[in-house]
Each structure stands twice: as C-alpha cells, then as structure tokens.
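Enquirer: Below you'll find the structure I mean.
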Amino acid sequence: MDARRDIFQAIADPTRRAIVSLLAVQPMTPGTIAENFDSSRQTISKHIQILTECQLVRQEQKGREIYYRFNAQKMKEVSDWVDQYRKFWDNKFNSLESYLAKIQKKKK
C-alpha cells in the first residue's frame, strides 16, 4: 500500500507528534490515546487516521479492540531527509570555524 499522505505533513502537527511519542512507548487503543488530550475523541481519531495513512502508525486487531503501534521504520524517511541537511550545515559550520581561526591567527 502506498502512503496516501506525506510523512512530513503528518509530523508537522504537534498533536500528531505527541501521539507518535505515546505510541513509541507502547501500543494503545484510540480511547487510551484520546485520554491524553483535551481534544475530542473524534479529533484524535482524525489525527490517528492521518498517521495511519502515511504509515507512521499501524493498526492491529486484538479481539474486539484495535491497537495502534508506532512504525519506527517509516520514521527513517524523516531521518534520511534531515541527515542530508545535517551534513550540509556541519560542512558550513566547519568552514566558518576554520575561517574564524584563520582570522584570529592574522590578528596575533
């Protein structure tokens, strides 16, 4: 199944990030997730739906209950994207540090 939503769109919302944080600790039912927020259960269900559509969370049926669990493998997309910028900025800061050291030597 292809992701219907972009993972970055999903994690842009603070409530969805909080839901992911909860599910990273343990699987939960929608009701248990909703208990952690002041929003309505319907609003939390919409957030869970978005997270499910981008495959950041997966649902699992256990008897009559549906549990949602965090899909850590999907978060790798975010990590890979951030890494390219981390390398870019590391290089820029290293260059700046070298330049500033060079200037300091000239002043002495």
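Enquirer: What are the residues in the stretch 44-56 that are touching a residue at least 24 places away in the same chain (Cβ under 8 Å) and either among the polar types (S, T, N, Q) or not in a helix (DSSP H, G or I) (or both), if any?
Expert: C54, Q55, L56
Enquirer: Can you tell me how many residues within the stretch 6-19 are modelled with pLDDT of 95 or more and surrounded by fewer than 19 Cβ atoms within 10 Å (Cβ to Cβ)?
Expert: Here the count works out to 5.
Enquirer: Select from the stretch 57-80 the residues that are touching a residue at least 24 places away in the same chain (Cβ under 8 Å) and in a strand (DSSP E or B) and write down the one among them that is surrounded by the fewest Cβ atoms within 10 Å (Cβ to Cβ).
Expert: E60
Enquirer: Please tell me if R86 is surrounded by 15 or more Cβ atoms within 10 Å (Cβ to Cβ), without any contact (Cβ under 8 Å) to a residue 24 or more places away in the chain and out of contact with any His (no Cβ under 8 Å at 6 or more places or on another chain).
Expert: No: the conditions fail for R86.
The values are calculated or read from the model by the stated rules, or taken from the named source; none is laboratory data. Keep in mind it's a predicted model, so treat the numbers as computed, not measured. Backbone-built Cβ (ideal geometry, glycine too); neighbour counts: all protein chains shown.
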